[in-house]
Number of protein chains: 2
Amino acid sequence: MRIGELAAEAGTTTRALRYYESRGLLPARRDGNGHRTYDERDLAQVRQIRTLQDFGFGLEETRPFVECLRAGHAEGDSCPASLVVYRRKLEELDSMIERLGAVREKVARQLARAERARDELAAGAPAPGGPEPVCELGGRG
Amino acid sequence: MRIGELAAEAGTTTRALRYYESRGLLPARRDGNGHRTYDERDLAQVRQIRTLQDFGFGLEETRPFVECLRAGHAEGDSCPASLVVYRRKLEELDSMIERLGAVREKVARQLARAERARDELAAGAPAPGGPEPVCELGGRG
DNA sequence: TGTTGCCTTGACGTCGGCGTCAGGCCGTAG
DNA sequence: CTACGGCCTGACGCCGACGTCAAGGCAACA
């Protein structure tokens, strides 16, 4: 199969596949015309790459999985190096989720505080210490 | 105050401040030598930018807050446009956290499955359907 | 014989938020 | 006089994963 067909089968583009090759992730045979040719094993490798990328893995992080497939394993995560990447990614995900959760709480508290201040201003005091500043400097009306 | 001092006070760099200016976020007066001069209000604006960036806001997202401060408000989130950004960011954070949580579970399940397969292979069958493929192609030993 | 379609290589563009370097001005301290 | 520090502008570099364009080759089909 040629590069266009592989791209279609794997749900990606020819540009991405050439890029993988340039990174040493997807070596290609050539036919008489100099065109790249691939087989089912290459398709499995590309699918492995796409799956991991959907999980947020960087290209380099997919390398152990691809090499594991090329070594003949049925699954890309049958090799120790792949498991190491899994574990590292789990730690990354946990710390990212924790950080994002903390930020979420801070933003939520800021929003609640700002809304409270706005409501109090609207309800009670129509100018406690001078004229109100005008929001939206460059308003379009 | 000049740009170096402002950068030190705000915990950033002169390069970042000039970048903000180039984006129209931080207009600067000039002294006789053509040097940028700033006051306390500029400092407050820069601090607002940094705080939001620590929360993961992009520069453009800080703009309503900065303009709100420049309009004379004591807080950058006293204006409706800032609240809109808060709410949008909360939604983004929620969906990101949800996505990451789902990915985390998938990766954890993949890891568990792969470890189980490895253990079963090590314990039971030392070659059920042919020779084992060799992991780590380019091993360094 | 042209036209389409797929392929090739090479190289520059994208996005964000700056870092870093080059070349030069201004004021001050030794 | 010279060195140094801080400032100026302008421009290229960086990271990741490609997108996009240019210029050309080769095969099939009308």
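Can you say whether residue A:11 is more than 14 Å from chain B (Cβ to nearest Cβ), more than 14 Å from DNA strand C (Cβ to nearest atom) and not polar (S, T, N, Q), as far as the supplied structure shows? Yes; evaluated as a whole, the condition is true for this residue. Is it true that some residue in the range A:57-68 is at pLDDT 95 or above, facing another protein chain (nearest Cβ under 8 Å) and surrounded by 18 or more Cβ atoms within 10 Å (Cβ to Cβ)? Scanning the range A:57-68, I find at least one residue that is at pLDDT 95 or above, facing another protein chain (nearest Cβ under 8 Å) and surrounded by 18 or more Cβ atoms within 10 Å (Cβ to Cβ), so the answer is yes. Among the residues of the range A:74-92, those identified as part of a loop (DSSP other than H, G, I, E, B), farther than 17 Å from residue A:55 by Cβ and open to solvent by 30 Å² or more (accessible area, probe 1.4 Å) are A:74, A:78. Output yes when any residue across the range A:38-50 is among the aromatic types (Phe, Trp, Tyr), within 15 Å of DNA strand C (Cβ to nearest atom) and open to solvent by 70 Å² or more (accessible area, probe 1.4 Å), and no when none is. No - not one qualifying residue is present in the range A:38-50. Does residue A:95 count as modelled with pLDDT of 95 or more, surrounded by fewer than 16 Cβ atoms within 10 Å (Cβ to Cβ) and within 13 Å of DNA strand D (Cβ to nearest atom)? Here the answer is no, as residue A:95 does not meet what is asked. Residue A:28 falls short on exactly one of the conditions (1) on the phi < 0 side of the Ramachandran plot; (2) open to solvent by 50 Å² or more (accessible area, probe 1.4 Å), and that condition is (2).
The values are calculated or read from the model by the stated rules, or taken from the named source; none is laboratory data. Here the structure is a predicted model, which is why all the values come from computation and not from measurement. Cβ atoms come from the backbone with ideal geometry, glycine included; neighbour counts cover every protein chain shown. Keep in mind that these areas ignore ligands, DNA and RNA; they rest on the heavy atoms of the full protein, side chains included. Shrake-Rupley method; radii C 1.70, N 1.55, O 1.52, S 1.80 Å.
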